[in-house]
Amino acid sequence: MSDVIHVEGVHKWYGDNHAVNGVSLHVREGEIFGILGPNGAGKTTMVEMMEGLRKRDDGLIQILGMDPDQDPYELRERIGVQFQSTSIQPRMKVGEAIRLFSSLYRKKTDTGRLIRALGLTDRLNAAFEDLSGGWKQRVTLALATIHDPDLIFLDEPSTGLDPRARRELWDLILSMRDSGKTVVLTTHYMEEAERLCDRVAMFRKGQLVALDTPKELIRKQAGNRRLTFESPGADSGRILRLPGVDRVEQEGELVRVYATSLQQVARSLFNLAEQEGWTIEGFRFESGTLDDLFVSMAVDREGV
Ligand SMILES: Nc1ncnc2c1ncn2[C@@H]1O[C@H](COP(=O)(O)OP(=O)(O)OP(=O)(O)O)[C@@H](O)[C@H]1O
């Protein structure tokens, strides 16, 4: 598989703020590549430098073999960028928006097919502002892909959608990959990244701190597995001092214990409960999620 995106040692400063700090990564043809990180981590800056919307200060970026700072117009024909729904005229009808966007590109495509694929046939006469969140996202997806781009950038595509609309949108994104497109997706939802992404890049304070498949990221992360139980009397301070425990979370009666060796910690935990006279109910082992990884990375790096 060839690389569609090649980023090498890229930096961006806003005054003294080192917003992107020496990032290198490759995105392969036909994958869904996730970009994750807390607010202000540099995700938007990184993605917009790839799209040719912001200029880098240092390093190399090649998108489909082009330098976005040198060939922005050529690049625009080959990539699709999903705009926020707020950038579309509220009274514009769906069909009008599709015709308008289609006229902006040299490449002429079968818009009828796209309209059918996204299920928009019955919505062509609806004004954009009258659509629900899920339909608005479908329209912005149609507008981003109207010129049949090879590479599609999606920025938090499922924000504000209800669970059903989110799942439908995920199916659409997966079908794009199935048809050979490469998708770069920025998201705050770990579940979205786990479900959709072939590989995930985690950003923090302008740096790339991890890059792998969601499964490998979770597997490699020490202490990302946990055991969970309910107990009215559990003392999280005491549990944290048990050998092998990395972290303890307590929400009311619910306790989550993160550890590398869960078996050993489970034994000590039951002993502790017996000594201290508190009960353990609903005890279970749970495998880690990207959410856990995200939190533990934030904790590690903040030193909290
Ligand atoms: N146009 C700008 N001018 C000055 N500083 C900026 C600009 N855009 C972003 N920044 C700063 O650069 C850093 C990275 O911001 P960026 O928006 O790229 O992060 P992000 O990870 O996309 O955050 P979010 O998830 O909140 O969108 C932040 O400290 C932000 O305040």
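The values are calculated or read from the model by the stated rules, or taken from the named source; none is laboratory data. Note that this is a predicted model, so its numbers are computed, not measured. Heads up, the Cβs are rebuilt from the backbone with ideal geometry, glycines too, and the neighbour counts pull from every protein chain shown.
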- Message: For the condition part of a strand (DSSP E or B), within 16 Å of the ligand (Cβ to nearest atom), hydrophobic (A, V, I, L, M, F, W, C) and buried (at least 21 other Cβ atoms within 10 Å of the Cβ), what is the one hit in Val23, Val27, Val4?
- Response: Val23
- Residues Phe229, Phe270: which one is closer than 21 Å to Asp291 by Cα and modelled with pLDDT of 90 or more? Phe229
- Message: Being away from the ligand (no atom under 12 Å from the Cβ) and surrounded by 21 or more Cβ atoms within 10 Å (Cβ to Cβ) is the requirement here; does Pro90 meet it?
- Response: no
- Item | Entirely in the stretch 102-221, the helices (runs of 4 or more DSSP H) that have 2 or more residues that are closer than 18 Å to Phe83 by Cα, in the same structural domain as Gly34 (by TED's automatic domain parsing) and not aliphatic (A, V, I, L, M) | 133-144, 163-178
- Tell me, which residue of the stretch 81-92 that is without any contact (Cβ under 8 Å) to a residue 60 or more places away in the chain and not in a helix (DSSP H, G or I) is nearest to Gly52 (Cα to Cα)? Ile88
- Query: Quick one: would you say Val200 is closer than 29 Å to Pro68 by Cβ and under 12 Å from the mean Cα position of the chain (by Cα)?
  - Reply: yes
- Failed criterion for Asp155 (all others in (1) in contact with a strand residue (DSSP E or B) (Cβ under 8 Å, 6 or more places away or on another chain); (2) among the acidic types (Asp, Glu); (3) free of Cβ contacts under 8 Å to residues at least 60 places away in the same chain hold): (3)
- Got at least one residue in the stretch 57-73 being charged (D, E, K, R), within 16 Å of the ligand (Cβ to nearest atom) and either under 25 Å from Thr186 (Cα atoms) or assigned by TED's automatic domain parsing to the domain that holds Ser24 (or both)? yes
- Report whether or not Gly95 is surrounded by 14 or more Cβ atoms within 10 Å (Cβ to Cβ) and assigned to a strand (DSSP E or B). no
- Query: Can you tell me which residues in the stretch 31-44 are farther than 15 Å from Lys12 by Cβ, more than 6 Å from the ligand (Cβ to nearest atom) and either modelled with pLDDT under 95 or in contact with a Leu (Cβ under 9 Å, 6 or more places away or on another chain) (or both)?
  - Reply: Ile32, Phe33, Gly34, Leu36, Pro38
- Query: Out of curiosity, is Arg164 more than 21 Å from Thr145 (Cβ to Cβ) and modelled with pLDDT of 90 or more?
  - Reply: no
- Query: Restricting the search to the stretch 37-67, which residues are touching a strand residue (DSSP E or B) at 6+ places or on another chain (Cβ under 7 Å) and at positive phi?
  - Reply: Gly37, Gly42, Gly59, Leu64
- Do we find that Lys12 is loosely packed, with under 14 Cβ neighbours inside 10 Å, touching an Asp or Glu at 6+ places or on another chain (Cβ under 7 Å), at pLDDT 95 or above and among the charged types (D, E, K, R) in this structure? no
